[in-house]
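To start, the structure itself, in structure tokens.
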Amino acid sequence: MNPQITLLTLAVEDLERSVAFYRDGLGLSTKGIIGTQFENGAVAFFNLQSGLKLALWPRKSLAADSGLPMHASSPPGFSIGHNVASETEVNDVMRQAERAGARIVKPAQKTFYGGYAGYFQDPDGHLWEGAFNPGFASLG
């Protein structure tokens, strides 16, 4: 498989609240909610980088589309990493997320690998890591 990840979709309880968090709170760019004319079609897309998009889609819609039953989410099942260029930028990201309504799970601090990182959860409990990893470019 040639990895071409182009879309990360987060299942959310309240689409409008989540759009406000990512757009107004974190400053991500979006055209807003589209697809409302279709059953289970309402969704919002955010451009990230290099063709990668973040989608917010109601949990019930993702369950209907995938054919899987809805169940409680497990935030520690995965995290989304936002790597920045310095410890100061990590602190800025964490403060911005908290002001936007995120719950700080682990305040930013020195890491075992020589970096600096912290964790926050969005309004639906999705886990984000704000990180500075001086060796990130050489990984993989």
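Observations
- Residue in the range 89-98 that is exposed (fewer than 14 other Cβ atoms within 10 Å of the Cβ) and among the polar types (S, T, N, Q) present: no
Table: residues versus (1) of a type in the set (V, I, T); (2) within 22 Å of R23 (Cα to Cα); (3) more than 13 Å from the chain's Cα centre (by Cα).
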site: G81; (1), (2), (3): no, yes, no
site: S86; (1), (2), (3): no, no, yes
site: V90; (1), (2), (3): yes, yes, yes
site: V93; (1), (2), (3): yes, yes, no
site: R99; (1), (2), (3): no, yes, yes
site: P107; (1), (2), (3): no, no, yes
site: T111; (1), (2), (3): yes, no, yes
site: A117; (1), (2), (3): no, no, yes
site: L127; (1), (2), (3): no, yes, no
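- The residue of the range 89-140 that is nearest to T9 (Cα to Cα), among those that are of a type in the set (F, W, Y) and at pLDDT below 95, is F136.
- Restricting the range 64-88 to residues that are among the small types (G, A, S) and surrounded by 12 or more Cβ atoms within 10 Å (Cβ to Cβ), the residue that is modelled with the lowest pLDDT is S73.
- Within the range 52-63, none of the residues are at pLDDT 95 or above, farther than 27 Å from G32 by Cα and either among the β-branched types (V, I, T) or crowded, with 17+ Cβ neighbours inside 10 Å (or both).
- In the condition set (1) farther than 20 Å from G67 by Cα; (2) open to solvent by 40 Å² or more (accessible area, probe 1.4 Å), S18 is compliant with all but (2).
- Restricting attention to the range 22-33, the residues being open to solvent by less than 80 Å² (accessible area, probe 1.4 Å) and either within 16 Å of K53 (Cα to Cα) or at pLDDT below 95 (or both) number 8.
The values are calculated or read from the model by the stated rules, or taken from the named source; none is laboratory data. Computed from a predicted model, the values in this text were never measured in an experiment. Cβ: placed from backbone, ideal geometry, glycine included. Neighbour counts: every protein chain shown. The protein model used for the area step is the full one, side chains on, heavy atoms only, and it has no ligands, DNA or RNA in it. Shrake-Rupley method; radii C 1.70, N 1.55, O 1.52, S 1.80 Å.
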